[in-house]
Amino acid sequence: MRSTLQNTDRWAAAVRSLAARLPDAAWIVLAWAIASLPHLTTRSFIWEEGTNAQRARDFLAGNGLLEPTIYGVHYVNKPVLLPWLIAAASWISGQVSEWTARLPAMLAVLATTLMVHALARRYVGRRAALFAAASFMFSPMLLQKLTIAEPDTLVTALSFGAFLVWWQGVETGRPAFWRWLACGLLLALAALTKGPPPLIFFALGVGAVTVVQRRWRALPGLIVCLCLPAVAILGWAWGVHQPGDFSVWLVQMRLRSGVQGPGLASYLWERASFAVTLLLELLPATLLFPWLPRLWRREREAGSPPLIGALLAYAGIATLVLLWWPFARTRYAMPAAPAVAVLAGLAWEELWRTRRWLAQIPAALTGALAIYQAALVIVVMPLFADRFGAGRAAGQALGRAAARAGGPVLATDLDTNQLFYLPFRIGGIAPTDPAELPVPVTLLTSLDELARIAAARPDLSFDILVETEAGPRLVAARVDRR
């Protein structure tokens, strides 16, 4: 028995020694790999992943570098950086796949986590810096997007990277002009990822700090910095613009909702739901908010560089704008998440010294979220692979039915999550006016849309070849004259 205990102690000592010798970055990369890489391609595309992957396909097919079409449709809802990166990864591997589509966004999460750790480590100990990094990577907001080929995580990395470059200049006393240029280039890439809205985190946060601290000599650099993304996004818009695009961009930026605005009661309920959901999605960092005012006062009294004030300005001012803005979604606040995580690390360090038992609560919650993610990708997804891959199976079923029918194949919308998995490229999108529908044709559409076409064209016959069960439920139907 004593020998067994001694062996256990030796193993525990060896593990502690290894943990002490390995750099923090290695542990962060390991945690990221465990949380994201296993069974990555088990889940088929969701949300807007198929759209981004198909745009990359169109790049590689030579259909326009700035303005790819999707199945022949002019598509400018989002700028082009993420599809460019997907196309680059896919060019190396030889094809666009779930791996290559998701890799840029996943690497953006890793890069942001390393930046959170690096900034926190300059001010707190190793435990607190690792907690800050983990509270970012394993927050519910990031777990939703950890392996998703959408622009939010990439925008977050670029925006926080610009903040970090600026802050390192503030620490030296005054940001050099080259730092403003570097910030501007990073923000230009962010603008080419998701347009102007995410830039408000840097613009309002850094602008507020500059004005409050009366750093008037920094204003020319800030202006130049913000001009670079403005030039980038305006240049892209000028290059791709067609009549009607401006209204699309207004809807995408939530400057126009596309639907009638809510009444006052609905608006207040919607905004209250936004606030509560955001607090929950930024857990465990939000548990440490009550300790921030004390740290902020201490920082101001010490006369040290105002890191807490800068982080609060960067994360808070733009988030307050989103809280007021109708129809804004919590994912729009993702650029604030790394700053919130650093603030949590600073507060956790203080709590660890004074009330260690209390500091263990957010640490335990972070561990629970990490275990949940590991269990999801290692255990749950393989066990329910058919459910997670339902969209892929549906697309393949549509493709087989359309191939057997032969002839031209058209879709009635851009549900590219299922259409991406077709073994061939469809002929395009069917005209919205049923009178202009060419026949014979195989349509990939919903039952409701098929009923609308049938009501308008009684001269046509409709033979449903297959109906998918994954949402949105589509059918492959052969349409011909009676």
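So the values come out like this:
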{"item": "Residue check for ALA359: part of a helix (DSSP H, G or I) and surrounded by 20 or more Cβ atoms within 10 Å (Cβ to Cβ)", "result": "yes"}
{"item": "Residue within the stretch 56-69 that is hydrophobic (A, V, I, L, M, F, W, C), buried (at least 20 other Cβ atoms within 10 Å of the Cβ) and at pLDDT 85 or above present", "result": "yes"}
{"item": "The stretch 188-226, residues that are among the charged types (D, E, K, R) and part of a helix (DSSP H, G or I)", "result": "LYS194, ARG217"}
{"item": "Top-ranked residue in the stretch 419-442 [being of a type in the set (A, V, I, L, M, F, W, C) and farther than 23 Å from GLN396 by Cβ; ranked as modelled with the lowest pLDDT]", "result": "VAL439"}
{"item": "Residue in the stretch 143-159 that is touching a helix residue (DSSP H, G or I) at 6+ places or on another chain (Cβ under 6 Å), under 21 Å from ARG217 (Cβ atoms) and in contact (Cβ under 8 Å) with a residue 12 or more places away in the chain present", "result": "no"}
{"item": "Residue among THR416, THR445 that alone is polar (S, T, N, Q), outside the structural domain of ARG57 (by TED's automatic domain parsing) and modelled with pLDDT of 85 or more", "result": "THR445"}
{"item": "Complete set of residues in the stretch 227-244 that are over 12 Å from PRO79 (Cβ atoms), in contact (Cβ under 8 Å) with a residue 12 or more places away in the chain and part of a helix (DSSP H, G or I)", "result": "CYS227, LEU228, ALA230, VAL231"}
{"item": "First in the stretch 173-193 and among the charged types (D, E, K, R), second anywhere and surrounded by fewer than 20 Cβ atoms within 10 Å (Cβ to Cβ) and not in a helix (DSSP H, G or I), Cβ under 9 Å, 6 or more apart", "result": "ARG174/ARG215"}
{"item": "Failed criterion for ALA176 (all others in (1) modelled with pLDDT under 90; (2) of a type in the set (A, V, I, L, M, F, W, C); (3) surrounded by 14 or more Cβ atoms within 10 Å (Cβ to Cβ) hold)", "result": "(3)"}
{"item": "Residue in the stretch 381-401 that is modelled with pLDDT of 85 or more, more than 30 Å from LEU37 (Cβ to Cβ) and out of contact with any helix residue (DSSP H, G or I) (no Cβ under 6 Å at 6 or more places or on another chain) present", "result": "yes"}
{"item": "The stretch 29-55, residues that are surrounded by fewer than 15 Cβ atoms within 10 Å (Cβ to Cβ) and either touching a strand residue (DSSP E or B) at 6+ places or on another chain (Cβ under 7 Å) or closer than 27 Å to ALA188 by Cβ (or both)", "result": "TRP47"}
{"item": "Residues located in the stretch 143-167, provided they are assigned to a helix (DSSP H, G or I) and under 8 Å from the mean Cα position of the chain (by Cα)", "result": "LYS145, ASP152, THR153, LEU154, VAL155, THR156"}
{"item": "Failed criterion for PHE201 (all others in (1) surrounded by fewer than 20 Cβ atoms within 10 Å (Cβ to Cβ); (2) within 28 Å of LEU343 (Cβ to Cβ) hold)", "result": "(1)"}
{"item": "Residue in the stretch 321-341 that is in a loop (DSSP other than H, G, I, E, B) and more than 22 Å from PRO140 (Cα to Cα) present", "result": "yes"}
{"item": "Given (1) free of Cβ contacts under 8 Å to residues at least 24 places away in the same chain; (2) crowded, with 18+ Cβ neighbours inside 10 Å; (3) of a type outside the set (S, T, N, Q); (4) not assigned by TED's automatic domain parsing to the domain that holds PHE462, index of the condition ALA430 fails", "result": "(4)"}
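The values are calculated or read from the model by the stated rules, or taken from the named source; none is laboratory data. Just so you know, these numbers come straight off a predicted model, no measurement behind them. As a convention, Cβ positions derive from the backbone with ideal geometry for all residues, glycine included, and neighbour counts pool all protein chains shown.
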